[in-house]
Amino acid sequence: MSVRLLEIENLVTHFHTEDGVVKAVDGNSLYVDDRETLGIVGESGSGKTVTALSAMRLIQNPGRIKSGSIRFRGKELLTKTEKEMRVIRGKSIAMVFQDSLSSLNPTLTIGRQIGRVLKAHTDLSKREIRDRSVSLLECVGIPEPQKRATNYPHEFSGGMRQRALIAMAISCDPALLILDEPTTALDVTIEAQVFELVDELMSQYGMGTVLITHDLAVVANVCQRVIIMYAGRIVEQAHAGPLYKRPLHPYTRGLLQSIPRLSDELQERLFSIPGEVPDLIGLPAGCHFAPRCGYAEERCWHVDPPLEEVAADRFAACLRVSEIDDV
Amino acid sequence: MSEKNGALLDISGLVKHFPVGGDWFTQMFDRRKVKAVEGVDFSIDSGTTLGLVGESGSGKTTTGRLIAQLTRPTSGRIRYDGIDLGSLRAQELRGMRKRIQMIFQDPSSSLNRRKTAGQIVSEPIRIHHLADRKNLEERLVTAMEHAGLSRRFLNRYPHEMSGGQRQRVGIARALAVDPEFVICDEPVTALDVSIQAQILNLMMDLQDEFGLTYLFIAHDLSVVRHVSDRVAVMYLGRIVEIAQFQTLFAHPKHPYTKALLAAVPKPDPTAPKRKVLHGEVPSPIHPPSGCSFHPRCPETLGSLCREQEPRATVCEDATRVCCHRFPADSATTRSPKGVP
């Protein structure tokens, strides 16, 4: 039986900027179980990173979690004090950020930085911390870990820095690991290596993983369940198999069609979704995707489509989903 | 895709080494060199696209910058339309720059943020005296429209535009001088998935309309496959394989090409697990001996690959490959270098 690790309900996170209110996350619900990988897919500005930062309570001014509930192992996180949250961050929920160079401290050696996490969350001795830091580096596949622990971040390649961040994230055996675009800046070969590592660690430690990315191909390789976000809202949620076989929401369909594939027969024009991702300030009522949607009709511009279960374990937020699916 | 009109660009023995140290004083004592490009040969026919792929640090961007004359080669020759670019004087080079244009990877850092889109696109038109004051606006608007930007973008600053629109400004700037040859350095890497397809379609339409020749540099093999007629694979400053796109993707020959193709994730959860190529690209300051790919190669032949540099061979299907598994006739008779 799987254990529910994280459960988010009706989360609303807004940013109050000079230009207006940015509705970065607008009433989303999701869950993550142990031993599963959930993919959150969306383009820039879709709210995928803000969702993860909200779960870690890392939203900073001018952002604010307006309403909703975030429960970790059944316990509400939104009512916890900052001190209590610090114990949870890093120890129970760990996050790896996109840009490995700016998430590492350039003035500390890699070994020291891993050691700091261990010092904050465990009562190991100095010596034990040093040994554990080295064995963590070894565990994420860094050659000569003893020597490498004394290196500074700039002496590491991009792929190695990402490995070091993962080593830091798993240092206290977190129950939930959140990876925010961990491979976006990396080559495909290195990206494949990083996910091979994540896969191994998951089967070894049984943690739940959330992978935030814009790359549908990576998600297909790594995730069991997938959430598609658009302009602050979840538009589709399903298990990976059915989602890729039969996407329901017009946005998901468009995304999948617009990826160039190695198996394409001819160099024809790619399918492309017209228009641009909307500005999150002053979004009008109705479906946010309507201006770019080929299926949009009059009511789509006025009625907010709710995220509804359209089939067993399949959710889509589209008023016309039943009509489109028949086509 | 397009018919052969003879080679527009012909490169042979191109080499570029960068000094490791910063100023001349450091360089006096540190004579190490970053061997960014180590003997590259290829040609591109008029009206076609050559895709150039490789991991970061493989020298693909440096190759592009050498062709655009943004940096001078250490040695080697670049012939464009029969003219040796290295022999040109500054004045003649300026004329050449009108014919060869470049589109950069990151539209936010390659556009001057203090200038409007109109000012950015009109700059090359003014520099090359392609229009007088009266015709300038007309020419400017035409270039913008070709890139899919309407007149209302003329007075917008880069920060007021989305990533896709900014890349369109970069394309308009390149097209404003009616170039023949465009070097596209990772033009869609920084863009969102739904916008990538728009820009790729635009670039293919422009090629058909104006008969442009592209050098398309990218690390995403699926993108390269979609736009290229021929594809060259680079590793540590060398081209390890070059072939027609169908041949390269259906029958890859070099172990590195195979490994790159196997690493591409497929948007299909039922696809078999990807094969992972281990290790990283070695430092171009101290490239490995022999074949520079041998430390990571899953098909290595042992001492031969460690000690001897492979030579290029042309296979029956016109693929040019640089690997000991495809020995050149002359290479087999040569005595191995560096064997004690």
Do any of A:91/B:60; A:147/B:275; B:60/B:115; A:147/B:266; B:33/B:258 go past 32 Å between their Cα atoms, and which?
A:91/B:60; A:147/B:266
Cβ-based net charge around residue A:180, under 11 Å, with every Lys or Arg adding one and every Asp or Glu removing one
-1
Over all directions, average the projected area of the Cα convex hull of region B:7-253 and note it in nm².
14.5 nm²
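If r is the Cβ-Cβ distance from residue B:145 to residue A:16 and R0 is 41 Å, what FRET efficiency results, to the nearest 0.05? Please list the in-between numbers first.
Details: r = 39 Å, r/R0 = 0.94.
After rounding to 0.05, the efficiency reads 0.60.
Normalized C-alpha radius of gyration of region B:46-171, against 2.2 N^0.38 Å?
Working: Rg = 16.5 Å, N = 126, 2.2 N^0.38 = 13.8 Å.
That works out to 1.19 for region B:46-171.
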Per residue of region A:25-32, in order, report the coupling 6.51 cos²θ - 1.76 cosθ + 1.60 (Karplus, θ = phi - 60°) as ³J(HN,Hα) in whole Hz, putting x for Gly and Pro.
10, 10, x, 10, 10, 7, 9, 9
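Explain nothing, just the number: relative contact order of region A:101-173, from Cα pairs under 8 Å at least 6 residues apart, as a whole percent. Don't skip to the answer; put the middle values down first.
On the way: 80 pairs, mean separation 33.4, N = 73.
It rounds to 46 percent for region A:101-173.
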Select from B:224, B:210, B:292 the residue farthest towards the positive end of the dipole of region B:189-340; place +1 on Cβ of Lys and Arg, -1 on Cβ of Asp and Glu, and compute about the Cα centre.
B:292
Whole-Å semi-axes of region A:235-284's equivalent ellipsoid (Cα gyration tensor)
24, 18, 7
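Want the number for residue B:178 to residue B:99: 0.36 nm per residue separation, take away the alpha-carbon distance, what's left?
Numbers: separation 79, 0.36 × 79 = 28.44 nm, distance 0.72 nm.
Extending this stretch completely gives an extra 27.7 nm.
For a quick check: sort B:305, B:184 by the number of other beta carbons within 10 angstrom, fewest at the front. Could you put the intermediate results ahead of the total?
Working: B:305 24, B:184 27.
If I rank by nearby Cβ atoms, fewest first, I get B:305, B:184.
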In whole Hz, with x marking every Gly and Pro, tabulate ³J(HN,Hα) for region B:160-175 from phi via Karplus 6.51 cos²θ - 1.76 cosθ + 1.60, θ = phi - 60°.
8, 10, 7, x, x, 5, 4, 5, 5, 4, x, 5, 4, 4, 5, 7
Ranked highest first by the average count of other Cβ atoms within 10 Å around their residues, in what order do B:58-69, B:291-302, B:25-36, B:109-120 fall?
B:58-69, B:291-302, B:109-120, B:25-36
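Nearest 20 debye, what's the magnitude of the dipole of region B:7-253 about its Cα centre given +1 on Lys and Arg Cβ and -1 on Asp and Glu Cβ? Working shown, then result.
Numbers: 32 positive and 28 negative charges, 175 e Å.
The calculation lands at about 840 debye.
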I'd like the distance between the alpha-carbon centres of region B:225-283 and region B:153-183, rounded to an integer number of Å.
30 Å
With each run of n ≥ 4 DSSP H residues scored as -39500 (n - 2.57), what mean residue ellipticity at 222 nm is computed for chain B after dividing by its residue count and rounding to the nearest 500 deg cm²/dmol?
-9500 deg cm²/dmol
Can you pull the semi-axes for chain A, root of five times each eigenvalue of the Cα gyration tensor, sorted largest first, whole Å?
36, 23, 18
Using the crude model of +1 on Lys and Arg Cβ and -1 on Asp and Glu Cβ, and no other charge, please compute the dipole size for chain A relative to its Cα centre, in debye to 20.
1440 debye
Over chain A, calculate the relative contact order: mean separation of alpha carbon pairs under 8 Å at least 6 apart, over the residue count, as a percent.
21 percent
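Based solely on its DSSP helices, what 222 nm [θ] is calculated for chain A when runs of n ≥ 4 H residues each add -39,500 (n - 2.57) and the sum is averaged over all residues, nearest 500 deg cm²/dmol? Present the calculation step by step, with values, prior to reporting the outcome.
Numbers: 12 runs with 107 residues, N = 327.
For chain A, the value works out to -9000 deg cm²/dmol.
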Could you state the number of Å between the C-alpha centres of region A:196-271 and region A:21-94?
21 Å
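Under a point-charge model restricted to the Cβ atoms of Lys and Arg (+1) and Asp and Glu (-1), what is the dipole moment magnitude of region A:96-155 relative to its Cα centre, in debye to the nearest 20?
About 240 debye.
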Got a sec? Charge dipole of chain A, +1 on Cβ for Lys and Arg, -1 for Asp and Glu; which of A:243, A:214, A:108 is way out at the positive end?
A:108
Compute the length gained on full extension between residue A:1 and residue A:58: take 0.36 nm times their separation in residues and subtract their Cα-Cα distance, giving the result in nm to one decimal.
17.4 nm
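Calculate the FRET efficiency for residue B:133 and residue B:88 from the Cβ-Cβ distance with a Förster distance of 41 Å, rounded to the nearest 0.05. Walk me through the numbers on the way to the answer.
Values: r = 30 Å, r/R0 = 0.73.
So, using R0 = 41 Å, E works out to roughly 0.85.
Report the calculated FRET efficiency for residue A:245 and residue A:152 (r = Cβ-Cβ distance, R0 = 41 Å), to the nearest 0.05. Intermediate values should be presented prior to the final figure.
On the way: r = 47 Å, r/R0 = 1.14.
FRET efficiency, residue A:245 to residue A:152: 0.30.
So for chain B, averaging the separation of alpha carbon pairs under 8 Å that are six or more residues apart and normalising by length, what relative contact order in percent results?
Numbers: 615 pairs, mean separation 64.1, N = 340.
19 percent.
If N is the number of residues in the protein assembly as shown, what value comes out of its Cα radius of gyration divided by 2.2 N^0.38 Å?
Details: Rg = 26.5 Å, N = 667, 2.2 N^0.38 = 26.0 Å.
The reported ratio for this selection is 1.02.
How large is Rg/Rh for region A:101-173, to two decimals, with Cα atoms and a Kirkwood Rh? Walk me through the intermediate numbers first.
Working: Rg = 10.9 Å, Rh = 11.8 Å.
With Rh from the inverse mean 1/r over Cα pairs, Rg/Rh is 0.92.
None of the figures in this text is laboratory data; all of them are computed from the coordinates on show. Values in this document were obtained by computation on a predicted structure and should not be read as measured data. Please note: Cβ atoms are built from the backbone with ideal geometry, for glycine as well, and neighbour counts cover all protein chains shown.
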